[in-house]
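Asker: Here's a structure for you.
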Amino acid sequence: MKNPLDSLGQTILAGVVIAVILALLANALHIDANWWAFFFRWLHVLSAVMWIGLLWYFNFVQAVNMPKVPADQRPTIIKHILPDALFWFRWAALSTVVTGLILAWLNNYIGNALALGFLADVPKDRAIGIGMWLGLIMAFNVWFIIWPNQQKVMGLVEVPADQRPKAARMAGVTSRFNTMLSVPMLYFMVSAQNIF
Ligand code: HEM
């Protein structure tokens, strides 16, 4: 039998199967309305871990070490690593937003949260609303600033050569800005279940 760990797809599938078996054994798989809210929360946290994991990889590892890579070797990273990293990064950002909005809707506070608690004075709605708007700003930055500029850096979008360093700078600064926002955003995301 082939080792499922030799294939990324089979590894993830095996992870889902193990999750179902353990949830059944732990009597933690009651599929009702409550479970669906939990299920989208789980999908939300899975997507968020992929998104923020790659954001922090770009900022704590790649951006810090790229200047140490000899110039003639940098195209290898841009050609072979960056496309996949940006693929999972931007689609995880979209998945985080979609599952987050569904979660807020299933929790019956999407309107008041996005209105930052100004429709009804509920402190929890205001807190998660602040987190949601920070997350939405970060997702906007990914799709409308970082990704378009990275496409120029990778040569997927043709631009004059002198514009590539400018595009790299814009993508780098915006990614650093998102790293800054990730700290208060996570504070408010986790606060919803813990301080209200
Ligand atoms: C990078 C972005 C994001 C990360 C890392 C993130 C992470 C998290 C985490 C860790 C939780 C707590 C889960 C728990 O306590 O069980 C959470 C809850 C939540 N997130 Fe996000 N999130 C992000 C963006 C968003 C966005 C953009 C939205 C919606 C627009 C959103 C909506 C929610 C909602 C509604 C909850 C449930 C709050 C509650 O407990 O009632 N999140 N998120």
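The values are calculated or read from the model by the stated rules, or taken from the named source; none is laboratory data. Just so it is clear, the model here is predicted, and its values are computed rather than measured. Note that each Cβ is placed from the backbone with ideal geometry, even for glycine, and that neighbours are counted across all protein chains shown. These accessible areas exclude ligands, DNA and RNA; they are computed on the full protein's heavy atoms, side chains included. Shrake-Rupley method; radii C 1.70, N 1.55, O 1.52, S 1.80 Å.
Asker: Being buried (at least 17 other Cβ atoms within 10 Å of the Cβ) and in the same structural domain as MET154 (by TED's automatic domain parsing) is the requirement here; does VAL69 meet it?
Answerer: no
Asker: Out of (1) at pLDDT 95 or above; (2) under 30 Å from MET170 (Cβ atoms), the odd one out for VAL16 is which?
Answerer: Of (1) at pLDDT 95 or above; (2) under 30 Å from MET170 (Cβ atoms), only one is false for VAL16: (2).
Asker: Right, next: Quick check on the range 171-196: of everything there that is of a type in the set (Gly, Ala, Ser) and away from the ligand (no atom under 16 Å from the Cβ), which residue is most open to solvent (accessible area, probe 1.4 Å)?
Answerer: If we take residues in the range 171-196 being of a type in the set (Gly, Ala, Ser) and away from the ligand (no atom under 16 Å from the Cβ), then GLY172 is most open to solvent (accessible area, probe 1.4 Å).
Asker: As an exercise: evaluate THR99 against (1) under 20 Å from the mean Cα position of the chain (by Cα); (2) within 7 Å of the ligand (Cβ to nearest atom); (3) polar (S, T, N, Q) and give the number of the one condition it does not meet.
Answerer: If we test THR99 against (1) under 20 Å from the mean Cα position of the chain (by Cα); (2) within 7 Å of the ligand (Cβ to nearest atom); (3) polar (S, T, N, Q), just (2) comes out false.
Asker: Related question: Just one of the numbered conditions (1) crowded, with 17+ Cβ neighbours inside 10 Å; (2) of a type outside the set (Asp, Glu); (3) within 16 Å of ALA48 (Cα to Cα) is not true of TRP143; which one?
Answerer: Of everything listed in (1) crowded, with 17+ Cβ neighbours inside 10 Å; (2) of a type outside the set (Asp, Glu); (3) within 16 Å of ALA48 (Cα to Cα), TRP143 misses just condition (1).
Asker: Output the qualifying pairs, or none if there are none: Cβ atoms under 9 angstrom, residues six or more apart or on different chains, first residue in the range 11-35 and farther than 23 Å from LEU103 by Cα, second residue open to solvent by less than 100 Å² (accessible area, probe 1.4 Å).
Answerer: From the range 11-35, the pairs are THR11/PRO4; LEU13/PRO4; LEU13/SER7; ALA14/PRO4; LEU22/ALA28.
Residues are listed down the side, and each one gets a yes or a no for (1) within 30 Å of TRP36 (Cβ to Cβ); (2) part of a loop (DSSP other than H, G, I, E, B); (3) in contact with a Leu (Cβ under 6 Å, 6 or more places away or on another chain); (4) open to solvent by 50 Å² or more (accessible area, probe 1.4 Å):
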position	(1), (2), (3), (4)
TRP51	yes, no, no, no
TYR57	no, no, no, yes
PHE60	no, no, no, yes
PRO75	no, no, no, yes
ASP84	no, no, no, yes
ALA93	yes, no, no, no
TRP105	yes, no, no, yes
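Asker: Could you grab me the full set of residues in the range 128-170 that are in contact with a Ser or Thr (Cβ under 8 Å, 6 or more places away or on another chain) and within 15 Å of the ligand (Cβ to nearest atom)?
Answerer: ILE128, GLY131, GLY135, MET138, ALA139, ASN141, ILE146
Asker: Right, here's the next one. Looking at the range 119-130, I want the residues that are over 13 Å from TYR187 (Cβ atoms) and have a partner that is among the aromatic types (Phe, Trp, Tyr) and surrounded by 15 or more Cβ atoms within 10 Å (Cβ to Cβ) with Cβ atoms under 6 Å, at least 6 apart or on another chain. Which pairs are those?
Answerer: Close Cβ pairs (under 6 Å, with a partner that is among the aromatic types (Phe, Trp, Tyr) and surrounded by 15 or more Cβ atoms within 10 Å (Cβ to Cβ)) amount to ASP125/TYR109.
Residue-wise test of (1) outside the structural domain of GLY172 (by TED's automatic domain parsing); (2) more than 30 Å from MET185 (Cβ to Cβ); (3) among the basic types (Lys, Arg).
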{"site": "GLN10", "(1), (2), (3)": "yes, yes, no"}
{"site": "VAL16", "(1), (2), (3)": "yes, no, no"}
{"site": "ARG41", "(1), (2), (3)": "no, no, yes"}
{"site": "ASN65", "(1), (2), (3)": "no, no, no"}
{"site": "ILE78", "(1), (2), (3)": "no, no, no"}
